[in-house]
Amino acid sequence: MARPQRPQQYYDQIKDKFREERDLRLDYRPPGTDQFTSEFSGDLAKYAVDPYAKDVPSREPISDEVEVLFIGGGFSALLTSARLREGGIESIRIVERGSDVGGTWYWNRYPGAACDVVSYDYLPLLDELDYVPVNHYSRGPEIFSHCQAIAHKYNLYDLAVFNTTVIETRWEKSDQLWHVKTDQGDVMRAQFVICANGTLAKPKLSAIAGMEDFAGHSFHTSRWDYDYTGQNLEHLKDKVVGIIGTGASAVQIVPELANVAKKVFVFQRTPSSIDVREDWPTDPNWARKLEPGWQNKRRSKVLAAVENSLEKRAAKGASSPEEKLKKQENANIDYMMRIHKRIDEIVDDPGTADSLKPWYMFMCKRPCFHNEYLPSFNLSNVHLVDTHGQGITKISPKGPVFEGKEYELDLLIYATGFEVQQTGIYNDIVGADGVNLQDKYADGIRTLLGIHTAGFPNLFIMGGYQASFQFNLTEMLQTQGDHIAACIDYLCTNDYHTLDASDEAEEWWVQKVIEHRGKTSRSEECTPGYYNFEGNEQRRQDGNYNGGFRQYFEHQGLVREKMQKNFNLTSRKN
Ligand code: NDP
């Protein structure tokens, strides 16, 4: 369908409004990422407690040696392990803070949890496990079960240790192994260590004055307390519940609360963009006809479609870079106005509908897809507290306070998100020259492909900065896992013991990352959020590689074609 022709003035006015709304937020929260805390000690320690780990058995500290040790047991570890097993690696250990594998899907068990990426693309290793997801979009429990199924298939439970947090990872020159210390007194040795601790793993709270004094019950979305709410939220029937935040987690939770709780207050700082979610049960006839290799073929098609996206099509035929950018922006604004129109069509109260409208470009924030979130605000027990970009800044013993009004709650849920892509620096990682990885990164992140970093032999980082961004995260992680497994295979086949990125290769990649960042000023123009470091000034190298997922994948292959040039390789006891 042809897009309606609108004068440029129409788009310029909307862009002005985007700018006003962004500035409002930046003025309210100049500290950027420092507005949040993830240091859960003292009164905040309860927000980190694992509610799913019941009756954890005590065990003796471990002191042994394995070939490959993963810090974290989510998809990064599972996908890489599958390839390592195929390559004949026998001793693989997962060290995991939770009491099972699954990562994101272990922790995020809140009601309504589901994935926004189509299940046939998101759930990995479907061919290998001979599994076809139940629906077009998978729910949390199915994804968690799939993680467990992968761990069983590749015998990853054998050496895994759960309820264990790595506190130090140190390269020992004497035995040329990593020595990994944990909070359980373990000292495990490993030839290869893979930081697989997730892109959005550590919960964060908005540092709100008085939060320690709240007298009701409270928890973070990734630590859902079913003992309090009941498995089907049945204990909330007579409870007044508040939820702070309206990101992807809250969007899935609010409809569930709305169905049950006596009253629900949704404390909103910035609305999410909510589009339709087209879900359906998998057609068994379709599933039966799937041929081996179907998932890879599907993923390639999806990638090609993304590469030929609406914005790119809109820019076709543009005569100059400026015109191309304008066409892309206008297409983006048209999309966002369609999101606004949908809100007007669904939400009965015009004031509430206006409050729910996102004023920023599509993809400034993580887009959401849900069919019940917006209708929830038509229910008489659900109340939107629009803080107009300011956010909740005070909590009394009774509940959140905004504009002098105290919202008295039984339960307060923090849907305030997670630290972003800090994988690799959650514990003290000390390399071959005694340098701590955090200190190395202090002057800017330096990696090869976001995976290797010079001076840290046989260490691999997954899901961190300087890697490509991909909406289907498991696809990105699989390419990293394949690359890591291929590197390890190369070492084994050629009788090498260590691999360490060369300074030249690392510098080449840092420059590649810089070259592809900031092609437009879109990031600075965006409303603050975790996609743009909450509006903080950022060094150009301290983000993702934006040259495209296909190019990232190709660069991995090119790096591996010249192992001798890109890495310092040594044999044992060199
Ligand atoms: P987000 O970081 O996306 O959202 C945090 C929310 O908290 C934002 O709405 C933020 O507002 C709000 N907030 C923070 N401080 C305050 C305050 N003081 N007062 C009021 N509001 C406040 O976290 P989520 O857990 O929602 O999602 C994290 C990511 O996890 C997603 O972006 C997505 O990538 C992934 N995810 C995917 C899902 C899926 O596939 N469906 C489901 C759930 C999560 P503001 O916007 O103003 O900063």
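The values are calculated or read from the model by the stated rules, or taken from the named source; none is laboratory data. Since this is a predicted model, take the numbers as computed values, not measurements. Cβ atoms come from the backbone with ideal geometry, glycine included; neighbour counts cover every protein chain shown. For the accessible areas, the whole protein counts, side chains as well, though only heavy atoms, and no ligand, DNA or RNA atoms are used. Shrake-Rupley method; radii C 1.70, N 1.55, O 1.52, S 1.80 Å.
For region 316-334, filtering for residues that are open to solvent by less than 70 Å² (accessible area, probe 1.4 Å) and under 16 Å from residue 362 (Cα atoms) leaves 9. Can you tell me which residue is farthest from the ligand (Cβ to nearest atom) among those in region 379-399 that are over 12 Å from residue 242 (Cβ atoms) and open to solvent by 70 Å² or more (accessible area, probe 1.4 Å)? The qualifying residue farthest from the ligand (Cβ to nearest atom) is 380. A count restricted to region 406-429 and to residues that are assigned to a strand (DSSP E or B), away from the ligand (no atom under 14 Å from the Cβ) and open to solvent by 10 Å² or more (accessible area, probe 1.4 Å) stands at 2. The single condition from (1) outside any loop (DSSP other than H, G, I, E, B); (2) within 23 Å of residue 13 (Cα to Cα); (3) aliphatic (A, V, I, L, M) that residue 361 fails is (1). Residues in region 164-211 that are among the β-branched types (Val, Ile, Thr) and open to solvent by 20 Å² or more (accessible area, probe 1.4 Å): 165, 167, 187, 199.
Within this structure, residue 481 fails the test of being on the phi > 0 side of the Ramachandran plot and over 15 Å from the mean Cα position of the chain (by Cα).
Against the list (1) open to solvent by less than 40 Å² (accessible area, probe 1.4 Å); (2) farther than 14 Å from residue 210 by Cβ, the condition residue 402 fails is (2).
Listed by position, the helices (runs of 4 or more DSSP H) inside region 247-322 whose residues that are away from the ligand (no atom under 16 Å from the Cβ) and of a type outside the set (A, V, I, L, M, F, W, C) number at least 3 are 284-288, 294-307, 310-315.
Residue count for region 458-496 satisfying the condition of being open to solvent by 10 Å² or more (accessible area, probe 1.4 Å) and in a loop (DSSP other than H, G, I, E, B): 8.
Taking residues in region 99-126 that are closer than 26 Å to residue 275 by Cα, and partners anywhere that are in a strand (DSSP E or B) and open to solvent by less than 20 Å² (accessible area, probe 1.4 Å), the pairs with Cβ atoms closer than 9 Å and at least 6 places apart or on different chains are 107/203; 110/413; 116/368.
None of 354, 344, 348 is open to solvent by 80 Å² or more (accessible area, probe 1.4 Å), more than 16 Å from the ligand (Cβ to nearest atom), within 17 Å of residue 246 (Cα to Cα) and modelled with pLDDT of 95 or more except 354. Of the strands (runs of 3 or more DSSP E) that lie entirely inside region 166-240, those containing 2 or more residues that are closer than 24 Å to residue 485 by Cβ span 166-172, 177-182, 187-195.
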